[in-house]
Structure formats: C-alpha cells, structure tokens
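See below for the structure under consideration.
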Amino acid sequence: MRVSRDVQISKFMSLVLRHAPEEAGLVLDDNGWADFDQLCRVIETRFHAPKPDVERIVAENPKKRFTLEGNRIRAAQGHSVAIDLDLSPSAPPDVLYHGTKLEFLGPIFEQGLKSQSRQHVHLSKDIATARIVAARRKGADAILAVDSATMAKDGTLFFLSENGVWLTSHVPSRYLKQLTEQEVS
C-alpha cells in the first residue's frame, strides 16, 4: 500500500514537532512553537510540497494534530521533548477512556498508565475514540475506563489539549477498570 504524500508530510511534521526538531533544523521554543516558514522550506525540499499544501494538510488533519498561529506552528500534544504547552488545568468529565492492547493489561494494572516516552498520558472523552487508538496496533483491543472524577478530587491535574485530548501525568491502577465487550459496544 502506497502512503499518500499528505500522510507522509503529516507524519514528518509529527516527528519534528513532537520528538526530533533537529531532523528539520528546527528549534522549538519553551512552548513547542516552531517557525512555520522554516518548516515549509524543509517540506518543500523534502516532499516537493509548497506552503499552501502544508497549510491545507494542517487545516484538514482529522485529528487536529497541529496548531498554526501566524507564522508559528506546534503539535497539539504527544511531545517527547520537554516543552510546556501552557495549558491550564481543566475539570475532566467523570469518566475518561484509554485504548490499549490486552497484552499490556498486566503491567498497566500493576503500575497504572504511564506517559512512557511522552510527557503525558493521553485519554479520550469517549469510547469510540479510545477504540480508534487501540486499533492502531496489532493484537486484541482493550478499553479502559478512568475514574477521572475521583482522580481530580484526589488532587490529580488534568489538561485539555487544543485538539480535545485529555492529558495527565499518570493514572494509578486503582482508578482503572477494563470495560467488557458489552460495555464497549
């Protein structure tokens, strides 16, 4: 299967704006912003895509992974490089969801949900989104419900990214429940 140029560009942008800005010669500021014109020049050289194509890819990205403000761009979340998204804490819904694989449930129920190489644990506002996340990898899916209301009451901070992903530092296993197939359907 041939990956479209737009998908290749989007993946490249995710890489350089979340994890490896040096691969495009970019410098991210403290809040993760990079110079949009500089990114466009790199994309034009690498993918032969002019700036209007990059603007369209940003605007049409179904997951709204990028934020473009004037001549600066950043990834909405998912960074492994140390940046501050400058998000204010937000009161989460009572329940949030996390999509994963059955094979990971042992460690998750021992250690909770960890951010791994990213700065935050990513949570979804609905089961449908969590299912999409779980389906991205091979293996049997598992959907976890997160008792975010109790976590917040217990002092955990939650942040809502610009594209609607809920972020937190860690979800201890006591706040997790694996949903049954009936609950997920």
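Bear in mind that the values in this text are calculations on the coordinates, not laboratory data. Just so it is clear, the model here is predicted, and its values are computed rather than measured. Ideal geometry is used to build each Cβ from the backbone, glycine not excepted, and the neighbour counts take in all protein chains shown.
Assorted remarks:
- Calculated mean residue ellipticity, 222 nm, the chain: -9500 deg cm²/dmol, from DSSP H runs (n ≥ 4) at -39500 (n - 2.57) each, averaged per residue and rounded to 500.
- Cα-based Lys proximity count in segment 96-184, under 16 Å, for pairs eight or more positions apart or on separate chains: 5
- Length gained when the stretch Arg56-Phe109 is fully extended (0.36 nm per residue, less Cα-Cα span): 14.9 nm
- Centroid-to-centroid separation of segment 123-185 and segment 35-108 [C-alpha atoms, Å]: 19 Å
- Residue-by-residue Karplus 3J(HN,Hα) for segment 146-156, coefficients 6.51, -1.76, 1.60, Hz, glycine and proline x: 10, 7, 5, 4, 5, 4, 5, 4, 7, x, 6
- Interchain or long-range residues, amide H under 5 Å from Thr156's placed H: none
- Less than 5 angstrom separates the built amide H of Lys101 from those of Ala142, all sequence-distant by 5 or more or on a different chain.
- Sorted largest first, the spans of the alpha carbon positions of the chain along the three principal axes are 49, 39, 24 Å.
- Cut-off 15 Å between beta-carbons: net charge of the residues surrounding Asn71, Lys and Arg +1, Asp and Glu -1: -1
- Summarising the label geometry, the points placed 7 Å from Cα in the beta-carbon direction at Asp86 and Asp29 lie 0.6 nm from one another.
- For segment 128-141, 3J(HN,Hα) computed residue by residue from phi via the Karplus equation (6.51, -1.76, 1.60; θ = phi - 60°) reads 4, 5, 4, 5, 4, 4, 5, 6, 5, 10, 6, x, 6, 6 Hz, glycine and proline entered as x.
- Leading residue at positive end of dipole, the chain (Cβ point charges), from Ser161, Ser14, Phe104: Phe104
- Near Asp29, once Lys and Arg are set to +1 and Asp and Glu to -1 for all other residues with Cβ below 13 Å from its Cβ, the sum equals -3.
- Once backbone amide H atoms are built at 1.01 Å from N, Val165 has no partners under 5 Å, excluding neighbours fewer than 5 places away on the same chain.
- Segment 96-184: C-alpha gyration tensor shape, a/c 1.5 cut-off, then a/b vs b/c: rounded
- Separation of the Leu68 and Ala149 label points, Cα + 7 Å toward Cβ, nm: 4.1 nm
- Rounded, prolate or oblate (a/c below 1.5 giving rounded, otherwise prolate when a/b exceeds b/c) for segment 5-75 by Cα gyration tensor: rounded
- Assigned charges on the beta-carbon of Lys, Arg, Asp, Glu; the chain dipole about Cα centre (debye): 580 debye
- Computed from the C-beta positions of Arg46 and His170, the FRET efficiency with R₀ = 35 Å rounds to 0.45.
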